[in-house]
Each structure stands twice: as C-alpha cells, then as structure tokens.
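Chemist: One structure, pasted below without further comment.
The values are calculated or read from the model by the stated rules, or taken from the named source; none is laboratory data. What you are looking at is a predicted structure, and each value in this text was computed from that prediction instead of being measured. With ideal geometry, Cβ positions are generated from the backbone for all residues, glycine too; neighbour counts draw on all protein chains shown.
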Amino acid sequence: MDLWRTKSVEASIADTEEPEHSLKKGLGALDLVVFGVGVSVGAGIFVLTGQAAASNAGPAVALSFVIAAVACALAAVCYAEFASTVPVAGSAYTFSFATLGELVAWTIGWDLVLEFVVGAAAVSTSFSAYLQVVLGQVGITLPTAITTVGDSFTDLGDGVLNLPAALLVLGLTAVIATGIKLSSRLNQVLTAIKVGVVLLVIVVGAFYVSTANWSPFVPPSQGAGGAGGAEESTLTAPLVQTLFGLEPSVFGVGGVVAAAALVFFAFIGFDVVATTAEETRRPQRDVPIGILGSLAVVTVLYVAVSLVITGVRPYTEIDPEDGAPLATAFTAIGVGWMGSVVAVGACLGLVAVTMILIIGQTRVAFAMARDGLLPRSLARTNPSTGTPVRITVITGVAIAVLAAFVPLSELSLLVNIGTLFAFILVSIGVVVLRRTRPDLQRSFRVPLVGVVASLSVLACLYLMLNLSLETWIRFLVWMALGYVVYFAYARKHSVLAGHPERTGRPDPSTRRP
C-alpha cells in the first residue's frame, strides 16, 4: 500500500462540487478577518497574558507576543498561498494531502484534532472562570464542585466537573449545526463587543500605568526552584534545557522565549480561517486578506494589553493560577467597575473563540471523512443548512466532555505543540507544491518562498523545544494513537485505496506495455 500517495488538487476541488458533500459558500473577506480576530482575542489576551508575565517573562511578555507573532507571520504567508491555491475545507490536512502524501496528511489531520478539540475545551474552561467573576459581581457564587477541576489529572481538589464550560460547548454546537452564516453573524457581534472591551482596557489602563512596574523590563534569570524532585523538574522544564543540559530557570531571555511558546496559544486564528476556504465566495482574494489581516490586528492588541497589565500591576503580584488576571488587575487598583466590564467582555469573547474552534474541527473532520479516512457518512451535509450536522454533533459532545473534566493548565500547551507542528508541515508543503505543480494558478505567492519557509520551520521548531518534556510525551502518545487508527482503519477505507485516478497519477491497469 502506497503510504505516500497524494490526492491531486483537481480531485480535491472536484469533491467540493458533490451535492451531498459540499459546503455552502457564504463568507467574504470581512467574515474571515472577523473569524481570525474572533478566535485569537480570547484566552491569550484575557488569561495567558497575566499567567505568562507572572511565571515566565515579567513585563517582557510583550516581547514574547512579538516573537510568537513573527513565527506565526512566517507560517501565515505559507497558509495564505496554500489556501488561495487549494480552496478546500481541511486547512493543513488538505494541503498536505496534495503535496506530502496520505500518511503525512493523516498525521496533520490527527494533529489538528488535537489543536481544535483541545483548544475549544481549554477556552471554554477560561469562559467558566470569567463567568464566575461576573456572577460574583451580583452576589452569585456557583458551587466549586460543578465549576472547576483540579490542577492535574490526579489532583481534582474540590472540583468534580466544569459544568458551565460543557453547557457552553453544547449550546454552540446547536448554533453551528444551523449554518455557517448564522455562526458568522453571531461571531461578528461577539467579536465587536470583546474588541471594544480590549480597546477600553488599553485606554483606561493607560491612565493607571506606572512605568516603575516595567523595571526591570526583562527580569533577571532565576533558578526554577520548587519542591519537586529531579524527575519532576526534568518533566516540566523546557525540552531545550534537557537536551543541552541547561540549568532550569525562569525569567531572563530564556523565560521570554518560554513565554512565547506558552502564549502561542493565542495565535491560532488564521489557521481556523484556512479551514473555511471552501465556504468563501472568492477564496483566492479573501483568504489571504483574512489570514494576514487578522494576524496583524491581534498582534497589536496583544502587545498593548500585555504592557497595560504589567504596567498597572507589578508582575510579582499577579497570581499565575488566576483564571481571570486582567479583571483581577483592575480590581486590585480600585477600578472595580473596569474589572466587571473586562469580565463580561471576556465571557462573551471566549464564547466566540470556542465557537470558531469547534467550526475548525468540524471542517477538518469533514474533509477527512470525505476522503474516507474517517467514516464517509460523517461527510454528508444537510441540504437546507449546508453544514455537516453529524460530525458537528459528535465533535460538540467530545469537546463538552473534555471541557467538563480536564483543566486549562493541562490543555493549552498541547494545543501549542500541535499548532506548531502543523505550521512546520505547511511550511514544508508550500515549497513542495511549488516544485511539483508549478502550473497551478496562485493568486497569492510567498515572497522568497525557500527562505521564508525555512525560517518558519526553524522558528516553530525552536518554540516547540521550549515546551516541556511532559508536553512532548503527551503529544507523542497522541500521535502514536493516531497511527494505530490509521493502519487499523483509515488506510483501508481511503478513497484513494481503490481509485488511483484520484491521485492525479495514471492508473497502472491502463498503462501500455
């Protein structure tokens, strides 16, 4: 069996025209930019900004966002060329199938499941944390047993499940099943509100910033410390420290880079934009605008908010375990009303992030099912809504269960490593497609593609190495499980297994002797 068989670009595009397996085209450039901003302005800006400042980088967390943004920008232009050339649902999965072969496509598809499913679950738990802040403002306190889980899989603390997170996911699943246009309209409203809140944070916070809190901007490197033994510190330290025998530390230049790997969770928006290419009316023009435009907007917002939160409150006073550090920072300086506004804005904003990540996962799974790597019945779309209802419901239930029982601290780093891995494969794939199919019409072309793609691979790989050994182990276990599924089911049921003409290669049975 040919593990490296590719599905031609023409075959992928032809699949989008099958009535039972086609998605409705209803999105424009503005929709895509708002999708990108909507999914990016969420946990990263409302949660991880404070946590990364307290634990890794101090005020230099602003530089961490810049580093992460540069790595994303390199990958973003590769995504833009791919998505405008192959406007098919599935994002990096579809791109890899057309360039690197079925096994690599499965690898990245399975990886994207990790990115979107775990990402949606993680963000929904952040929503739950901010919801409790909002309810607390009106004197309502929900029982801990149904609003939180412990900080690890083995330590559940007083929490049993996160019911608000699970209910949010199930409610959004119902909305998504009704159609992409309704989801887009809801996202536009929610995104407008939360961007307005972020701008209010920047404007109001600027009046309370003390530049003394930014000194030193890059705190001196410190030993990691902690009560854990050698084995624990090895597992939780960045992998680059283990590989090169570096002493575990926080803050300093190493802490800034480690924080960049952490806050990378905030930059997965344009990846979701690429998954909606098939539902875009003019993908050749609108997809690059959506990807690059949303990345530029959110980078400016991230840097500005990170400077505000560390200027308003010393990073040493930020609780790294605080699920709503931005709201807490304003409350701590006596601007309680602003804390309430931030909490409400964060709640609504995180709803949008969760919804878009669920959409991203349904489109990737839809593309995999249409190719036979998942059951083909899951790729059927509803005639009236043009949405894959079956896979949407299955995805929503799976995310709801994960959100209910697994804490954010166990999730966000897995999303980061999965996203970075996807970026690496896309960066390689765009160079391969340039060489194997130079005849394809490309409305957007990566400038200096060899240099840009190489820098993207190196930058993403270095950020991956700054994630912990523990995260790497979990990631490798997940990928190993994926290969079991591939060889047990997907390889045999692939649409290419009995249809060599779909690869774009000649059928061996028709070759002349």
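Chemist: Mind checking which pairs have a first residue in the range 361-375 that is without any contact (Cβ under 8 Å) to a residue 40 or more places away in the chain and a second that is not aliphatic (A, V, I, L, M), Cβ under 7 Å, 6 or more apart or different chains?
Modeler: Hits for this filter: A369/P375; A369/R376.
Chemist: When E317 is evaluated against the numbered criteria (1) modelled with pLDDT of 80 or more; (2) within 25 Å of the chain's Cα centre (by Cα), which criterion, by number, is the only one it fails?
Modeler: Condition (2) is where E317 drops out.
Chemist: Looking at the range 281-317 only, could you name the residues that are among the charged types (D, E, K, R), part of a loop (DSSP other than H, G, I, E, B) and farther than 21 Å from Q188 by Cβ?
Modeler: R313
Chemist: When the range 304-340 is examined, which residues are found to be of a type in the set (A, V, I, L, M) and either buried (at least 19 other Cβ atoms within 10 Å of the Cβ) or at positive phi (or both)?
Modeler: Of the residues in the range 304-340, the ones of a type in the set (A, V, I, L, M) are 304-305, 307-309, 312, 318, 324, 326-327, 329, 332-333, 335, 338.
Once the filter is applied, which keeps residues that are of a type in the set (A, V, I, L, M) and either buried (at least 19 other Cβ atoms within 10 Å of the Cβ) or at positive phi (or both), the range 304-340 yields A304, V305, L307, V308, I309, V312, I318, A324, L326, A327, A329, M338.
Chemist: A further question on this structure: Within the group L455, L420, which residue is in contact (Cβ under 8 Å) with a residue 40 or more places away in the chain and surrounded by 24 or more Cβ atoms within 10 Å (Cβ to Cβ)?
Modeler: Details: L455 fails: surrounded by 24 or more Cβ atoms within 10 Å (Cβ to Cβ).
Going through L455, L420 in turn, just one is in contact (Cβ under 8 Å) with a residue 40 or more places away in the chain and surrounded by 24 or more Cβ atoms within 10 Å (Cβ to Cβ): L420.
Chemist: Moving on to the next point. State all residues of the range 97-152 that are of a type in the set (G, A, S), in a loop (DSSP other than H, G, I, E, B) and free of Cβ contacts under 8 Å to residues at least 12 places away in the same chain; if no residue qualifies, say none. Outline the logic, then answer.
Modeler: First pass over the range 97-152, keeping only residues of a type in the set (G, A, S): 98, 101, 105, 109, 119-122, 124, 126, 128-129, 136, 139, 145, 150, 152.
Okay, now just the ones that are also in a loop (DSSP other than H, G, I, E, B), so 101, 139, 150, 152.
Result: G139, single match.
Chemist: Any idea which residue in the range 423-452 is nearest to the chain's Cα centre (by Cα), counting only those that are part of a helix (DSSP H, G or I) and free of Cβ contacts under 8 Å to residues at least 12 places away in the same chain?
Modeler: Once the filter is applied, the top-ranked residue is V451.
Chemist: In the range 363-373, is there at least one residue being part of a helix (DSSP H, G or I), of a type outside the set (S, T, Y) and surrounded by fewer than 20 Cβ atoms within 10 Å (Cβ to Cβ)?
Modeler: no
Chemist: If you check A60 against the conditions, is it hydrophobic (A, V, I, L, M, F, W, C) and modelled with pLDDT of 85 or more?
Modeler: yes
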